[in-house]
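Chemist: Let me give you the structure first, and then I'll get to my questions.
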Amino acid sequence: MPTSHSRAGGASVCAAALTLSGLLVTGVLAARPAAAADPTDYQNVRINEVTSSNDDTVELYNAGSAAVSVSGWKVSDDSFSPQSFSPSSGTIPAGGFVTFDSPKGLGDSDKLVLYTAGGTVVDRVEWATGKAKPAMARCGGDGTGAWVTTTTATTFGAPNAPGCPASVPAASRVRINEVTSGDADTVELYNGGTSAVALGSWKYVDGDTSHSPAALSSASPSATSIPAGGYVTFDSALGLGDNDSLFLVDGNGTTVDSVTWATGGAKPSSERCANGTGWFRTSTTATFGGANSCSGGSGGSGGDGGRLLGGGGALTSGCAPEAPTGTGSAPAGTLAWPGGKDVTIADDVCAFTMSTGPEGRDLSGLAFDPSNPSVLWAAKNKNWLFKLVKSNGKWIPDPSWSATGKQLRFLGGSGEPDSEGLTVGGNGHVYVTSERDNAKNTVPKDTIMEFDPTAAGSTLTPVHQWDMTAQFPQLNTGSKDDANLGFEGVAYVPDGWLTANGWVDPLTGAAYDPANYPLHGSGLFFAGLEWDGTLHAYGLNSDGTFTTFGTIDTGKDSVMDVMFDAGTQRIIATCDNTCGETHTSMKVDSTGALVPDVTYTNPAVMPVDNLEGFAIAPASTCVDGSREAVWADDGVYGFGPGSSSYGHALYSGTFPC
C-alpha cells in the first residue's frame, strides 16, 4: 500500500508524459517494423498543408509533445521515387511546423507521400484537380482535421484555421469513426454534416502499399450513401492487421480521412472520442452503427515516450483509487527504459475489489510462473493471492483457480498477512512476504510464507513459514508506518546461478557451496526491505529454520519488488516513485559480491505512481526480440480522475530478450 516514506530525502517530482490515445490519427504507418534510422516519435508528424502551384510548398506539423528530427527524410508523388528535401528547420518542435518546397513539381491531381530517412511511410495525402490551389489544408484541427481547399492565402508555418472555410463541405465531414482488426475487420463511417453524402464512387485502402484501393460499393454490406448524422458499416475486404492503417478516398481521389493504429490498438475496437470528431482510442466494446461510448477514456496525440493505450470502464462501487506518495529522485546514472516505448493498460477497471479493504487497490508483487509463462501470480495487500491468465489482451483472475483470488493466512490459519511480494520457488510453490499482520498493523511481522498453489479451498495456509522480524528492530517503533516498511518483495535465485557466477558465501568467505546447507532446497531467497532498499539473502530450510547470508546494498533508497531474470542473468530490484520509478540489475562482480550493475527508468509514458510490482516474462516467450514486462500500481491511480488509466492496477510493455 502507498506509504509516506518519512526517511526519504528530496522533494523533486518526476514528470510523466500523459498520452492516452490508443491510435495515431490521419497518418500512415507502414505495416512493417520501423527502420533503425527512424527518429523517436516520428509517427506524430503530419502533412498539414500543401500547394500544387508556384513553389509546390509543403507544411509538416508535429502533433506530439516532443521535438522530432526530420533530417534525411524524403517525399514522393505518384510518379517518382522518394527524394530528399530541404526543410526550413531540421527539427519540428512539439506543436510546431516546418515547410519545404517539393523536390519535384506537384500536379493538379497528385499524391504526396512522406518517408523517414529509413524509408518508413509517415503520412500521405491525395488530391483531385484543383484541390491544392491555392492550397489544401487540414481544417478542423492541425494534424487531425479534414482535407479541404483553403479559401484564403496559405498559412504555411502557422495554424490552418485562418485559411479554412467557414463551413466544411458535406463530403469532408464524413469520418472514419470506429474500426476493429478482429475477425471481421469492420469499419464504421460517420457523417457529421447536415446532408446525406453519396459514397458510390468512394474507395478505401489499408496500409499495405501493394494493395489497390477497394470500392465501398463492393464492400459487404455495400456502402453507397450515408445519411446526415448517420452511420455506415462495412467489412474490409483487404484485411486489417494488428499494426495497420485505413485510408478513405472520395470519388475524385481526394483523401477524406485516415487512421493508423499500433499493435492491439484496434482490438476489440477503436473509436473516435468524441464521436465523429475526436482522437481515436481503444474501446472496451464495439458500438458499430451507433454513437461511440467513449467510457473511461480521454484522447490525445501520440506524445513523448510512446502511447499508453486506454482501458476504459467506470469505477465500481467501493473502488477507492489513492494518489501516490513519497516521490523522490532516480539514482545517478540511471538509463532510459531499454524496451518498447508503448505501454498498454492490462486489467479491467477496479478488477481487484475484494471483501477486505482498501477496496479496488493494493495489488503489489508480481511474478511469472517459470514453468508456465502464461500464468502471472499477483499478491494483493490485505492477504490475497491471484493467479492471473491472459484474456483478450488483459490479465484476469483464472476462473479455474479462483475468479476472486484466494485469501492467505499465517501458519496455523490465523491472522491477516500484509502480503506484498512473491516469487515462485524451484518446487513450484509460491512464496509470499508479509510486513505485518493487518489485524495488528502497528507491529512488524516480516515473514516469508510458502504456499502450495494446488491446495484446495478458497483460503491458503502456509506449508512452511519463516519469521525474520527480530532482525529489523528499527521497524518496531509502535508506528504503523514503520511497521509497513519491511519485506516488500522477494526473489528465488537458483543455486546454479550463484555458483556459476562465483558468488562468495559471506558466512564462509569462500565460493558458495549449496552442499553446506542440506535443508535449503535448490536456491536462496532475496527479500527486499522497503525501509532502506537493501536485499537480505536467506536459505529457507525445510524444518522451518533459516540461514541468513547477510545484507546487499542495491544503491536505492527503497525496494518495492525483487525478481530473478534468467534472460539477463540478473537479480532485479525495483523501486516505485520513491526512487524515480527505476529497476536496478544486480550482478556478481570480480570479487564474488552482489553489486548494482545498471539501473533503468520506466517507459516515459508510464504514470509516476506507487508502482510496487514488476515482472518480466521468461525468455522462452520472446517474439521479435521482445518479451512482456508487467507493472502493478497498488493505488490504481493512473494519471488521476478522468483519465482512462484511473482505477487500473496493471500495465503491460516490452523488454528486450
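The values are calculated or read from the model by the stated rules, or taken from the named source; none is laboratory data. Note that the structure is predicted; figures quoted are calculated from it, not measured. Note: ideal-geometry Cβ built from the backbone for every residue, glycine included; neighbour counts use all protein chains shown. SASA here: full protein model, heavy atoms, side chains in, ligands and nucleic acids out. Shrake-Rupley method; radii C 1.70, N 1.55, O 1.52, S 1.80 Å.
Chemist: Looking at the structure I just gave you, is E450 more than 26 Å from Y637 (Cβ to Cβ) and not in a loop (DSSP other than H, G, I, E, B)?
Modeler: For E450, the condition - more than 26 Å from Y637 (Cβ to Cβ) and not in a loop (DSSP other than H, G, I, E, B) - is met.
Chemist: Looking at region 117-153, which of its residues are assigned to a loop (DSSP other than H, G, I, E, B), under 27 Å from S81 (Cβ atoms) and either of a type in the set (G, A, S) or touching a Pro at 6+ places or on another chain (Cβ under 8 Å) (or both)?
Modeler: Correct list: A117, G118, G119, A128, G130, A132, A135, G143.
Chemist: Within region 414-424, is even one residue part of a helix (DSSP H, G or I) and crowded, with 20+ Cβ neighbours inside 10 Å?
Modeler: no
Chemist: Tell me which residues, restricted to region 624-651, are surrounded by fewer than 23 Cβ atoms within 10 Å (Cβ to Cβ) and of a type in the set (S, T, Y).
Modeler: S626, S643
Chemist: Follow-up question, since we're still on this one. Are there any pairs, at least 6 apart or on different chains, whose C-beta atoms fall under 7 Å, with the first in region 558-570 and open to solvent by 10 Å² or more (accessible area, probe 1.4 Å) and the second small (G, A, S) and in a strand (DSSP E or B), and if so, which?
Modeler: Correct list of pairs: M563/A367; M563/A491; M563/A615; F564/A491; T568/S585; R570/S585.
Chemist: Could you please find all residues in region 617-654 being over 21 Å from S317 (Cβ atoms), among the charged types (D, E, K, R), in contact (Cβ under 8 Å) with a residue 60 or more places away in the chain and not in a loop (DSSP other than H, G, I, E, B)?
Modeler: R627
Chemist: With respect to G300, is the statement that it is modelled with pLDDT under 85, more than 25 Å from D576 (Cα to Cα), open to solvent by less than 30 Å² (accessible area, probe 1.4 Å) and not aromatic (F, W, Y) true?
Modeler: Here the answer is yes, as G300 does meet what is asked.
Chemist: So which residues in region 602-631 are in contact with a Lys or Arg (Cβ under 9 Å, 6 or more places away or on another chain) and under 17 Å from K394 (Cα atoms), if there are any at all?
Modeler: I616, A617, T621
Chemist: Shifting gears a bit: Go through (1) surrounded by fewer than 23 Cβ atoms within 10 Å (Cβ to Cβ); (2) touching a Cys at 6+ places or on another chain (Cβ under 6 Å) and name the single condition T591 misses.
Modeler: Of (1) surrounded by fewer than 23 Cβ atoms within 10 Å (Cβ to Cβ); (2) touching a Cys at 6+ places or on another chain (Cβ under 6 Å), only one is false for T591: (2).
Chemist: Please verify whether region 465-485 includes one or more residues that are in a helix (DSSP H, G or I), modelled with pLDDT under 95 and aliphatic (A, V, I, L, M).
Modeler: no
Chemist: Out of A455, A403, A439, I need the residue that is part of a helix (DSSP H, G or I) and surrounded by fewer than 18 Cβ atoms within 10 Å (Cβ to Cβ). Which one?
Modeler: A439
Chemist: While we're here: It is to be established whether one or more residues within region 539-551 are charged (D, E, K, R) and outside any strand (DSSP E or B).
Modeler: yes
Table: residues versus (1) buried (at least 17 other Cβ atoms within 10 Å of the Cβ); (2) in contact (Cβ under 8 Å) with a residue 24 or more places away in the chain; (3) among the β-branched types (V, I, T).
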{"position": "A346", "(1), (2), (3)": "yes, yes, no"}
{"position": "C350", "(1), (2), (3)": "yes, yes, no"}
{"position": "L363", "(1), (2), (3)": "yes, yes, no"}
{"position": "S371", "(1), (2), (3)": "no, yes, no"}
{"position": "F386", "(1), (2), (3)": "yes, yes, no"}
{"position": "K390", "(1), (2), (3)": "no, no, no"}
{"position": "P399", "(1), (2), (3)": "no, no, no"}
{"position": "Q407", "(1), (2), (3)": "yes, yes, no"}
{"position": "L411", "(1), (2), (3)": "yes, yes, no"}
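Chemist: Then there is this: Going through L18, L112, L29 one at a time, which residue ends up being at pLDDT below 90 and not in a loop (DSSP other than H, G, I, E, B)?
Modeler: Answer to the check: L112.
Chemist: Now for a separate question. Residues in region 447-463 that are over 18 Å from G523 (Cα atoms) and not polar (S, T, N, Q): how many?
Modeler: 6
Chemist: Quick check on M606: is it open to solvent by less than 20 Å² (accessible area, probe 1.4 Å), modelled with pLDDT under 95, touching a Leu at 6+ places or on another chain (Cβ under 8 Å) and not in a helix (DSSP H, G or I)?
Modeler: Yes.
Chemist: Taking the criterion of being on the phi < 0 side of the Ramachandran plot, under 33 Å from the mean Cα position of the chain (by Cα) and free of Cβ contacts under 8 Å to residues at least 60 places away in the same chain, would at least one residue in region 493-516 satisfy it?
Modeler: The answer is no; no qualifying residue exists.
Chemist: Here is a follow-up. Taking only region 324-341 into account, find how many residues are hydroxyl-bearing (S, T, Y) and either crowded, with 20+ Cβ neighbours inside 10 Å or at pLDDT 95 or above (or both).
Modeler: 2
Chemist: Okay, moving on. Which residues, taken from region 458-493, are open to solvent by 50 Å² or more (accessible area, probe 1.4 Å) and either of a type in the set (F, W, Y) or in contact with a Pro (Cβ under 6 Å, 6 or more places away or on another chain) (or both)?
Modeler: N476 - this is the single residue of region 458-493 that is open to solvent by 50 Å² or more (accessible area, probe 1.4 Å) and either of a type in the set (F, W, Y) or in contact with a Pro (Cβ under 6 Å, 6 or more places away or on another chain) (or both).
Chemist: Here's something else I'd like to know. Output the number of residues of region 185-234 satisfying the condition of being of a type in the set (A, V, I, L, M), touching a residue at least 24 places away in the same chain (Cβ under 8 Å) and within 14 Å of F247 (Cβ to Cβ).
Modeler: Residues in region 185-234 being of a type in the set (A, V, I, L, M), touching a residue at least 24 places away in the same chain (Cβ under 8 Å) and within 14 Å of F247 (Cβ to Cβ): 4 in total.
Chemist: May I pose another question? Within region 32-49, take every residue that is of a type in the set (V, I, T) and at pLDDT below 90 and give me the one that is least open to solvent (accessible area, probe 1.4 Å).
Modeler: Among those that are of a type in the set (V, I, T) and at pLDDT below 90, it is V45.
Yes or no, residue by residue, for (1) farther than 20 Å from N160 by Cα; (2) open to solvent by 10 Å² or more (accessible area, probe 1.4 Å):
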{"position": "W73", "(1), (2)": "yes, no"}
{"position": "S81", "(1), (2)": "yes, yes"}
{"position": "S84", "(1), (2)": "yes, yes"}
{"position": "P87", "(1), (2)": "no, yes"}
{"position": "S109", "(1), (2)": "yes, yes"}
{"position": "A117", "(1), (2)": "yes, yes"}
{"position": "T120", "(1), (2)": "yes, no"}
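Chemist: Name the single residue, out of those in region 207-216 being of a type outside the set (D, E) and open to solvent by 50 Å² or more (accessible area, probe 1.4 Å), that is nearest to V168 (Cα to Cα).
Modeler: Taking the candidates together, the pick is P213.
Chemist: I've got another one for you. If P165 passes every condition in (1) touching a strand residue (DSSP E or B) at 6+ places or on another chain (Cβ under 7 Å); (2) within 26 Å of D235 (Cα to Cα) but one, which one does it miss?
Modeler: With respect to (1) touching a strand residue (DSSP E or B) at 6+ places or on another chain (Cβ under 7 Å); (2) within 26 Å of D235 (Cα to Cα), P165 is out only on (2).
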